[in-house]
Amino acid sequence: MTDKKKAAQPSATRIPKIRALVVDVDGTLTDGGMYYGAQGIELKKFDTRDAKGMQLLESTGVLICVMTGEDDAPTRARMEKLSIQSYYPGVTNKLQVLEGLVKEWDIEMSEVAFVGDDVNDLASILAVGFSACPNDALPQIVANADYVCTRCGGHGAVREVCELLLKRSGAG
């Protein structure tokens, strides 16, 4: 596995200085459910508190990036509404994209926080300075994240991480 240790409740001082937050969508910003109407229209539920947390964090200068393996209309619409400039849909190798972004942003991987819930997030969780997951993430993600949220995906887990990072920055 890894020598990374999960902290039940990290103090703000134990979180490194974070300059970018990268967030997965399905199972993190949403509850992971895929909802379809009778006409085949796909729907997803996002928690508005997560969005507000990302906006508050962004207002302190932290870069916000949303990365997902899916490429769907509901997520595109939500990212557009939130004015998320760094939105990467249909990503098959999140770590590879993240490594490119770190170079583009001219920051270190240790200055990145990543929130994810499934096996396609594991490499990024292991590579960043601070990682977190919803409390209903897969067991191997829970075992490797620096912080396991008290909330589930789609129910405020991302806001919880944003609040931790805001406390770290002194803005929370």
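The table for this structure:
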| item | result |
| --- | --- |
| Anisotropy class of the range 21-172 from Cα gyration tensor, a/c 1.5 cut | rounded |
| Whole-percent carbon and sulfur share, accessible surface of the chain, 1.4 Å | 50 percent |
| Most to least accessible of 147, 88 (protein chains only, probe 1.4 Å) | 88, 147 |
| Paramagnetic reach from residue 80 in the range 29-51 [backbone N under 18 Å; point 7 Å along Cα→Cβ] | 41-46 |
| The chain: calculated mean residue ellipticity at 222 nm from DSSP helix runs of at least 4, using -39500 (n - 2.57) | -9500 deg cm²/dmol |
| Per residue accessible area of the range 117-162, 1.4 Å probe, in Å² | 32 Å² |
| Relative contact order of the range 8-116, pairs being alpha-carbon contacts under 8 Å that are 6 or more residues apart, as % | 38 percent |
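The values are calculated or read from the model by the stated rules, or taken from the named source; none is laboratory data. Quick caveat: nothing in here was measured; it's all calculated off a predicted structure. Cβ: placed from backbone, ideal geometry, glycine included. Neighbour counts: every protein chain shown. These accessible areas exclude ligands, DNA and RNA; they are computed on the full protein's heavy atoms, side chains included. Shrake-Rupley method; radii C 1.70, N 1.55, O 1.52, S 1.80 Å.
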